[in-house]
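Take a look at the structure set out below.
Quick note: the coordinates plus some simple rules give every number you see, no bench work behind them. None of these values were measured; they are calculated from a predicted model. Methodologically, a virtual Cβ is constructed for each residue, glycine included, from the backbone with ideal geometry; neighbour enumeration extends over all protein chains shown.
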Amino acid sequence: MQTITTVLELRQVLAEAVNADKRIGLVPTMGYLHEGHLALIEASRAQSDVTVVSIFVNPTQFGPSEDLATYPRDLVRDERLCREAGVAIVFAPNVQELYPTHFETFVEPGELANSLCGVFRPGHFRGVATIVCKLFNLVRPDVAFFGQKDFQQCAIVRRVVADLNLPVEVITVPTVREPDGLAMSSRNRYLGEEERRRALAISRGLFAAGAEFQIGERNVEALVAIVRRQLDEIDRVQYVELVDTDTLKPATRPLSRPAALCAAAYVGSTRLIDNIILKPKV
Ligand code: AMP
């Protein structure tokens, strides 16, 4: 496995892979890897010849009062995990390498970025769309892997790829959870013991609603209310919404199309998100 930090070297190494007719898989991450990231890597290993993992805490997707400075970082550990997982290339540039001094061009997503997290994190998805496009242009992957945990991000990346005719297949990998249900996240390390216990209410609420859905509940408000009831102990709920999986607009009532039940909340000062997909049988 190679760790590459410059655009120039990345292009050189990848040119060799392309000449050898290798299928390239990209797993974009912000590092501090956990089993969720490893599931993406595993999917890439299964569907490509050369897996590239990017590790870059992207400043343009953080708001001014967000956790850019404190975001957990451990490149040595990440490299070890990548090596053990069979990754070919880790791309870990510094900020100046991807955002040199006169950088000023951004990719602006549309309506899909205006709901859910987009309401609370203005500019976040513009930063995500920009870095993902840059990584696609640098790595030129045949296939790229994203986690369902960041459901809105997946929808926006797919739309950017379609709208800008980018030659890459986008795969969404199911959310990997802790044994008790908490969605894995690099930010879980911010949680103290008591916060960690309370954080569980998010997945518990989503699963409770999912169980009611399975036995026939199709009322949108009722499903949202089931989640909200579990969130009593949560400090600040930003949203609990049931949205159409394609448009991210509020789901039709009663539910007749696949919908994502999505939640975002603060536990202490840690912002967590999670979702489950509900698929009515037609
Ligand atoms: P991050 O490093 O948090 O920006 O995440 C990098 C990629 O890993 C994104 O596509 C995330 O959606 C994905 N990811 C993060 N957590 C999980 C998880 N628990 N299960 C599956 N994928 C995840």
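Quick look at the values:
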item	result
Dipole in debye (nearest 20) - the range 223-282, about Cα centre, beta carbon charges: Lys, Arg +1; Asp, Glu -1	260
Under the Debye formula (equal points on every Cα, no solvent term), log10 I(q)/I(0) of the chain at q = 0.08 Å⁻¹	-0.34
Gaussian network model of the chain, Cα within-10 Å springs - most flexible of 175, 101, 247	101
Equivalent ellipsoid, the range 19-96 (semi-axes from 5 times Cα gyration tensor eigenvalues, Å)	25, 13, 11
Cα centroid separation - the range 254-282 against the range 62-130, whole Å	23
Cβ charges +1 (Lys, Arg) and -1 (Asp, Glu), total dipole of the chain, debye	400
Derived scalar couplings ³J(HN,Hα) [the range 63-68; Karplus, 6.51 cos²θ - 1.76 cosθ + 1.60; whole Hz; x for Gly, Pro]	x, x, 9, 8, 9, 3
Under the Karplus curve 6.51 cos²θ - 1.76 cosθ + 1.60, θ = phi - 60°, whole-Hz ³J(HN,Hα) for the range 109-123, x wherever Gly or Pro sits	x, x, 3, 4, 8, 9, 10, 6, 4, x, 5, 9, 10, x, x
Net charge dipole size for the range 186-276 [Lys, Arg +1 and Asp, Glu -1 on Cβ; Debye, nearest 20]	120
Where only alpha carbons of the range 87-213 are counted, the Rg and the Dmax (Å)	17.2, 53
Interchain or long-range residues, amide H under 5 Å from residue 107's placed H	130
Helix axis angle, 220-230 relative to the chain longest principal axis, alpha carbon, degrees	80
Whole-number Å³ per residue for the convex hull built on Cα positions in the range 135-206	104
Hull-based mean projected area of the range 1-132, where the convex hull spans the alpha carbons, in square nanometres	9.1
Interchain or long-range residues, amide H under 5 Å from residue 54's placed H	27, 29, 91
0 to 90° range, to nearest 10: angle between helix 124-139 axis and the chain longest Cα axis	30
0 to 90° range, to nearest 10: angle between helix 35-47 axis and the chain longest Cα axis	60
For residue 239, residues with placed amide H under 5 Å, excluding near neighbours	264
Residue-averaged 222 nm ellipticity for the chain, from DSSP H runs of 4+ at -39500 (n - 2.57), nearest 500	-11500 deg cm²/dmol
Calculated on alpha-carbon atoms, Rg and Dmax of the range 183-282 in Å	13.7, 44
